[in-house]
Amino acid sequence: MALSLSVWYDVRADTRKGECPMEDAQIIDGFFRRDPEAITAVQEKYEKRCLAAAGHILPDRRDAEECVSDVWLRLWNAIPPERPRSLAAYITTVTRRVALDKCDYNRAAQRRSDLTVAFEELEGCLSSEDSAVLALEQADFRRVLNGFLRKLTRQSRTYFIRRYWYGESIREIADSCGAGEEKVKSSLFRTRQRLRAALEKEGML
């Protein structure tokens, strides 16, 4: 059975010098009483610690500050029922979780942006009334595309699929494949040109 956060920190009690358990206990009691002053107290005591923890994960200070603002709400919603033995360790863990969630969100947003750019590149191979998304849903297009991909070298096929299927950036492809970015760009350009020629041959352009 998974341990709750309060039990987890009972096992790993924070032993840093200079912290006052009674003061933390009073803050926690304030949360249990739903006293807004508990939020003020925890901010005054732990805001710098939280900003530092978030800053190790989020390079943009504005993201880190937004993350810390979310931490106070998480604490308010978690305590009660949680009653952590070490408030400092508990807050640090909550901060890291919120920061990691924000980091994942930022990466997903970047991935969506990269995929949009990739589709815009691919639309240069299609007729003006088609979009890359619609084309990929058409059986005839998929048939021609699959046949085209099978004829590519393994390297060219890998670049193409990683760019236009997984939406990876040029840099990500280059880093993963141990190639220069210009080499990846050139390969993708040549592949798009060959794809356009293949589609024209099939009467699809």
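Since every read-out is calculated from the coordinates, none of them should be taken as a lab result. This is a predicted model, so every value here is computed, not measured. Here the Cβ positions follow ideal geometry from the backbone for every residue, glycine too, while neighbour counts run over all protein chains shown.
So if we plug the beta-carbon distance of ARG34 and SER69 into 1/(1 + (r/R0)^6) with R0 = 30 Å, what FRET efficiency do we get, rounded to 0.05? Let's see the in-between values first.
Values: r = 19 Å, r/R0 = 0.64.
Once rounded, the FRET efficiency stands at 0.95.
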Those lysines that a straight Cα-Cα span of less than 30 Å connects to LYS102, excepting residues fewer than 8 apart in one chain: LYS45, LYS48
18 Å cut-off, amide nitrogen to a point 7 angstrom out along CYS103 Cα→Cβ, residues in the range 34-72: 49-71
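Note the full-extension length gain between ASN77 and ARG171 as 0.36 nm times their separation in residues minus their Cα-Cα distance, in nm to one decimal.
Working: separation 94, 0.36 × 94 = 33.84 nm, distance 4.06 nm.
Between ASN77 and ARG171, full extension yields 29.8 nm more.
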